[in-house]
Amino acid sequence: MDTATLSQHLQTIEDDGYCIIENAIEQDLIEEVRETVARLEADLEVQPRGNRAEGYATKRMYNLLGKDRAFWKLPTHENVLPFPEHLLDDECILSGTTCMHIGPGEVHQGLHSDDGLVTVSRPRIPFMVTTIWAFTDFTDENGATRIVPGSHRFDHEPGKGEQIEHIPAEMKAGSVLILNGGTWHCGGANTTNNDWRLGISVQYCQGYLRQQQNQYYSLAPDDVKAMPQRLAALCGFGLYKGIMGHVDGASPGRFLGAHEVDEIAYAAMRTKNGVAES
Ligand SMILES: O=C(O)CCC(=O)C(=O)O
Ligand SMILES: [Fe+2]
């Protein structure tokens, strides 16, 4: 994405709390992800989890990077990664990767903001950035994500049953919705008879925040060793600001033997002979 386009989108997010990037995903990636989701849903016998947050007619899968390497292309995608890098910073990490396949009959989710568990008073900087990838068209009828424009500036989280207008983020397959983590939104109701809405969310958070989905236990060590450096760092196998997250003074990547993310803690404060500078 060129810098002028990126700046325009960042301005839209600043103003409205979200933006939609059309034609962000290549056709062959769309097809690969659709096929992978269909195969995994069958192999894992995915069923709705049956509550208001996760849905009664929605098939959800979490921790996608550990389920199939096809998903590895998403978090570092050149049309998407610049957004969390700008809205958080380039030491942001992945909070979660979730497939949300909304089926006919689903009711809409409760309004929420994805970083709503953070106790710092609002309005504030975003602690998360959520990107929702459309692998089918998102329509008002089939459960397009619903958004309260401008709500990233509100001074509170949505109260239970709070009534406020929200609009559907309708978009074509291949588009990506980018949300400031403080923007109120929810998955939409699916009022169709047979139109499943396939979305994947890739969520990023500040590098010092606890990740919503645990990456360390959900990824096999061999997968981490095989990951490109940027992806392994996003998963949290490096160190935040050279310090946070260390295991006995080194990065989780070194602990696993993943050479791409091998760091020593406090390295910037060490001299060559290993004696810490004052
Ligand atoms: O499915 C969607 O469109 C959004 C889901 C969502 O916001 C969530 O689960 O946090
Ligand atoms: Fe959400």
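The table that follows gives values for the structure above.
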{"quantity": "Contour excess over end-to-end distance, with Cα ends at MET244 and SER121 and 0.36 nm allotted per residue", "calculated": "41.9 nm"}
{"quantity": "Label-reachable residues, segment 69-106, where backbone N falls under 19 Å from a point 7 Å from ARG153's Cα toward its Cβ", "calculated": "87"}
{"quantity": "Dipole moment magnitude, nearest 20 debye, segment 1-63 about Cα centre, only Lys, Arg, Asp, Glu C-beta charged", "calculated": "500"}
{"quantity": "Part-to-part distance (alpha-carbon centres) for segment 117-165 and segment 70-105, which is given in Å", "calculated": "16"}
{"quantity": "Where a label projected 7 Å from the Cα of ALA173 along Cα→Cβ would reach, residues of segment 11-33 with amide N under 12 Å", "calculated": "27-33"}
{"quantity": "Label-to-label distance, nm, for residues given as ASP89 and ASN51 (7 Å Cα→Cβ offset)", "calculated": "3.4"}
{"quantity": "Farthest toward positive dipole pole in the chain [+1 Lys/Arg, -1 Asp/Glu at C-beta], among SER218, THR131, ILE93", "calculated": "SER218"}
{"quantity": "Crossing angle, helix 3-16 versus the chain [Cα axis fit, 0-90 degrees, rounded to tens]", "calculated": "60"}
{"quantity": "The chain: most fluctuating residue of VAL148, VAL261, VAL247 per GNM, C-alpha cutoff 10 Å", "calculated": "VAL247"}
{"quantity": "Segment GLU165-ALA4, extension gain: residue separation times 0.36 nm, minus the distance between their alpha carbons", "calculated": "54.8 nm"}
{"quantity": "Segment 136-271: relative contact order in percent, alpha carbon pairs under 8 Å with at least 6 residues between", "calculated": "20"}
{"quantity": "Options LEU256, TYR266, PRO228, ranked by Cα towards positive dipole end of segment 219-269, top entry (Cβ charges)", "calculated": "TYR266"}
{"quantity": "Point-charge dipole on Cβ atoms (K/R +1, D/E -1) for segment 3-215, about Cα centre, debye to 20", "calculated": "640"}
{"quantity": "Two-site label geometry, GLN11 and LEU44: point separation in nm, points 7 Å out along Cα→Cβ", "calculated": "4.1"}
{"quantity": "Exposure proxy order (Cβ contacts within 10 Å, fewest to most) of LYS172, LYS225", "calculated": "LYS172, LYS225"}
{"quantity": "Percent breakdown of C-alpha pair distances by 10 Å bin, ordered from the shortest bin, for segment 219-269", "calculated": "33, 56, 11, 0"}
{"quantity": "Relative contact order of the chain, defined on C-alpha pairs under 8 angstrom at six or more residues apart (%)", "calculated": "22"}
{"quantity": "About the Cα centre, charge dipole magnitude for segment 219-269 (Lys/Arg +1, Asp/Glu -1 at Cβ), debye", "calculated": "140"}
{"quantity": "Relative packing of peptides 114-122, 188-196, 63-71 - highest average C-beta neighbours within 10 Å first", "calculated": "63-71, 188-196, 114-122"}
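Values quoted throughout were computed directly from the atomic coordinates according to the rules given, and no laboratory measurement underlies them. Keep in mind it's a predicted model, so treat the numbers as computed, not measured. Here Cβ is always computed from backbone atoms with ideal geometry, including for glycine, and neighbour counts include all displayed protein chains.
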